[in-house]
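Right, I'll just put the structure down here and ask away after.
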Amino acid sequence: MTKKKIIVRTELDVKDIAVRALKTFVQAFFAALAVSVATVSNQDTAKIALIGAVAAGISAVMNTVKGLVS
């Protein structure tokens, strides 16, 4: 049985982190937007969907940063 060598990166690639966080935010935003478009009956529903999308984006960024710190 051969042992696999595990390589651990210790330096932070800030550009990669930012791109991945932005992609996650955009995906969450459009997912929430797509669901809300199908069910929007008034302006309040649109606001709620937007708040949910922004919250998902913030959560993605926080989880990315948290994963890098630990």
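Work out, step by step, the length gained on full extension between A31 and I7: first 0.36 nm times the residue separation, then minus their alpha carbon distance; give nm to one decimal. Before the final figure, lay out the partial values.
On the way: separation 24, 0.36 × 24 = 8.64 nm, distance 3.44 nm.
Between A31 and I7, full extension yields 5.2 nm more.
Given all pairs of different Cα atoms, what value in angstroms does the Kirkwood hydrodynamic radius of the chain take?
Values: mean 1/r = 0.0702 Å⁻¹.
Every distinct Cα pair counted, the radius reaches 14.3 Å.
Which of L50, L22, L12 moves the most in a Gaussian network model of the chain with Cα springs under 10 Å?
Of the options given, L12 has the highest mean-square fluctuation.
List the lysines whose Cα sits under 28 Å from the Cα of K15, skipping any in the same chain fewer than 8 residues away.
Counting by Cα, and skipping residues close in sequence, K15 has these lysines nearby: K5, K23, K66.
Computed from the coordinates by the stated procedures, all read-outs in this text should not be read as laboratory data. All figures in this text were calculated on a predicted structure; none of them were measured in a lab.
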